[in-house]
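Student: What follows is a structure written as structure tokens; I'll ask about it next.
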Amino acid sequence: MKLLTATLFAALSLSACVATPPVTPQSLTLNANQQTNLRTLLGLTPSSAFTVNVLDQNADRQLTPGDIAIMYGGIANTETSRRTLSIADVTRINAATGLSEAARQLQAAEAKWQQIRPIHYAYTLQRSCFCAPEALKPIEIRVFRGKVQQATVLPDGTPLPADRQSSALTIDDLFLKIHDAIDRNAASLSVTYDPQYGFPTNISIDYERMMADEELALSASNFKIASGLKPVQPPVMCTMDAKICPDGSAVGRVAPLCKFAACPTK
């Protein structure tokens with residue numbers, strides 16, 4: 001009897017030490033709208049051959065933060081990347097169809113812009129809003145290596161005041177405005193894109209339908225690719241000292257090297 005009891009105790013102890021095999025997460029079934037939004041989130045176009053699968057990490061059969069989106073592709077259709085979904089990701093995937101369509105258009109336009117994206121370009125930006133009259137004047141913007149090089153107010157061509165420099169946007173900044181509207185689930189978003197370069201030509205955003213005076217409208221025109229644009233250099237100020245020449249005359253320093261000018265010759 002003692003031997004039998006000891007044997008049973010040993011068997012129970014051994015079974016308790018055996019680790020329970022991990023449960024393999026099951027794939028989630030997403031509706032068509034969620035699939036479209038997920039592909040957009042991962043940077044896939046509607047025509048892309050890549051496929052996406054979402055693993056239900058907590059086995060609740062719902063799309064929740066912490067679930068993992070896996071992208072498959074290539075000749076062998078193997079895993080190419082994976083992403084743990086955040087709260088913001090889940091919100092974007094569950095967004096309304098209207099915004100998902102805007103996201104698809106944005107993705108296609110951005111892809112076209114990135115293919116052609118010039119190093120130097122210039123364009124005119126005009127804002128429409130409930131703003132002071134000065135804020136409604138068009139701005140001519142020159143961009144050098146992705147940064148605003150120069151901004152002037154039209155039609156007089158005066159430099160954009162320092163307190164309005166944030167109004168001088170690059171084309172990439174315009175794309176960010178659209179991304180922000182989609183991420184915030186704006187009540188209304190309307191965008192048209194340039195058919196050749198892909199940049200936004202008209203943007204109209206109504207963030208909150210029940211709020212007034214928070215709408216934003218931007219238009220981009222007169223776009224041109226520029227070659228040889230150079231960063232605007234600040235004027236060189238030389239010291240005011242003088243050099244006395246052999247004939248008794250005086251010469252001053254000359255920008256940009258601030259060397260003394262040549263003395264007059266006889």
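Student: Would you check if there is a residue in region 154-165 being farther than 23 Å from ARG92 by Cβ and in contact (Cβ under 8 Å) with a residue 40 or more places away in the chain? Don't jump to the end; show me each part of the working.
Tutor: Filtering region 154-165 for residues farther than 23 Å from ARG92 by Cβ gives 154-165.
Then keep just the ones that are in contact (Cβ under 8 Å) with a residue 40 or more places away in the chain; that gives none.
Among the residues of region 154-165, not one is farther than 23 Å from ARG92 by Cβ and in contact (Cβ under 8 Å) with a residue 40 or more places away in the chain, which makes the answer no.
Student: Within region 125-162, can you find the residues that are in contact with a Ser or Thr (Cβ under 8 Å, 6 or more places away or on another chain) and of a type in the set (Val, Ile, Thr)?
Tutor: ILE139, ILE141, VAL143, VAL148, THR152, THR158
Student: Taking the stated definitions as given, is GLN57 at pLDDT 90 or above and more than 24 Å from the chain's Cα centre (by Cα)?
Tutor: Details: at pLDDT 90 or above: yes; more than 24 Å from the chain's Cα centre (by Cα): yes.
Spelling it out, GLN57 is indeed at pLDDT 90 or above and more than 24 Å from the chain's Cα centre (by Cα).
The values are calculated or read from the model by the stated rules, or taken from the named source; none is laboratory data. Here the structure is a predicted model, which means the values were calculated and not measured. Glycine also receives a Cβ, built like all others from the backbone with ideal geometry; neighbour counts cover every protein chain displayed.
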